[in-house]
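Let me begin by presenting the structure, written as C-alpha cells, before commenting on it.
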C-alpha cells in the first residue's frame, strides 16, 4: 500500500498536473489529494468518456492529464478512447480500478464480468497497461514505463488499481461550486434526508406501483425500509434508471412507474431527459433526489449546484415540473396520478442510516420477481 501523495507528487514531476474522472471508492484517496493540492487541478466529470476528452484537451494544450474511473464505467470511455485519443494520437494516463477481481475481495454483482475482462478490454482497444504500484519502490519504474510508452506510441497508457493499493486520505478543502445563471422557479432548501423521503414515497404510491431506484444508497435505503416485489434496485448502470423506467412505462402504459433518480446519475446521462420529454409517457413520474454529492463513493461533490434541473426538464419537454423539499410535499405529489409525465425535483440533506444493509436478494432475482409482479398485476 502506498500514500496517495507518494504517487501523485512523483507523477507531478513528470508533468501530470490535471486529474479528472468519475469517483470510485478505490480512488477516493487520489481524488481527495488532487482536490486539495494547490498546484493541481481536479475536474469532476459526469461520465468517463467526457473525462477522457478533458484530459485529451489538456494534453493538446501542453498539460499531461490523468483519467480515473472504475472498470464498470470502462464502456462509457470506449468511444473517446477509440475515436479521440487513438485517432489523434493523444496520450493520457488512465487509472482504472479492478472491481470484481477474480479471486480477489468480495464485491458487488455488477462488477463480476468486468473484473474478468478489464485487461482484455485494454488489450482490445490497443492500450498498453501495467498494474498500479502497491509499494513506493515500484512508483518510479512504473512511471518511467508510462512516460516512455506514451511518448513513443502517442497513445494512452493504463494502470489497473487493485483494492487496497492506496492508503486513506481525507479531504481537507471545502468544495466550491457555481450556481445556475437563471432560476425560473423557486427552488426550496432541503429539509429531510433521503430515507425520510423514500418512506414518503412508499406510503404514497402503494404496492402496485413499479418503483425503480437508481444506483447507490437510494436502492439500499428503499430496500431497508420495505422490500417490495414492485421495486427494482439498480446496481451499476449508473444513470440508466430513467431510461429503464421509460421502457417499462412504454411497454405497460396501464401501470404507474416511479423512477427515483440521483443528481450524479442524472448528470451522467442527461440525454435521458430529452428521451422522456419526447415520449412523454403519462404513467411515469421522474423524481430527482439532489444532495449535491456522490454519497456512496465517499461524498465527492457533483456539479448539481451549478445546474437548474427544473429548467432542464421543462426545456426537454416534461409537461409537469414541480418541487418537493420535505416528505409530506413529496407524498402529496405522488399520492394522486396526474395523467402526464411529471418531474419532481427533491433537494435532500446528506446522510445515510447507520448500519444500512445490502439487499440479500440478487439482481437476477429482483428482475425475475418484478416480471412476475407486472404479469400478476394484469
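Observations, loosely collected:
- Principal axis analysis of the Cα atoms in the chain yields extents of 63, 46, 41 Å, listed in decreasing size.
- Angle in degrees between helix 48-60 and the longest Cα principal axis of the chain, rounded to the nearest 10: 40
- Share, in percent, of DSSP beta bridges within the chain that are antiparallel, nearest 5: 5
- The range 4-161 - share of DSSP beta bridges that are antiparallel (%, nearest 5): 0
- Antiparallel DSSP beta bridges within the range 194-376, percent to nearest 5: 10
- Rounded to 10°, Cα long-axis angle of helix 241-251 versus longest principal axis of the chain: 40
- Sequence-separation-based contact order of the chain, relative, with Cα cut under 8 Å and 6+ spacing, percent: 16
- For the range 97-165 versus the range 317-347, the spacing of their alpha-carbon centroids is 44 Å.
- Per-residue Cβ neighbour rank within 10 angstrom, fewest leading, 3, 365: 365, 3
- The range 25-178: C-alpha gyration tensor shape, a/c 1.5 cut-off, then a/b vs b/c: rounded
- In the chain, the DSSP-assigned H stretches of four residues or longer account for a calculated mean residue ellipticity at 222 nm of -11500 deg cm²/dmol, using -39500 (n - 2.57) per stretch and the full residue count as denominator.
- To the nearest ten degrees, helix 112-124 and the longest principal axis of the Cα atoms of the chain are 40 degrees apart.
- By other beta-carbon atoms within 10 Å, ranking 140, 295 with the fewest at the front produces 140, 295.
- This ranking places 307, 364 by how few other beta-carbon atoms lie within 10 Å of each, fewest first, which gives 364, 307.
- Spin-label model, residue 162/residue 14: points 7 Å from Cα along the beta carbon direction are separated by 2.0 nm.
Laboratory data are not the source of any read-out in this text; all were calculated from the coordinates shown. Predicted, not measured: the structure shown is a model, and the values here were computed from it. Here Cβ is always computed from backbone atoms with ideal geometry, including for glycine, and neighbour counts include all displayed protein chains.
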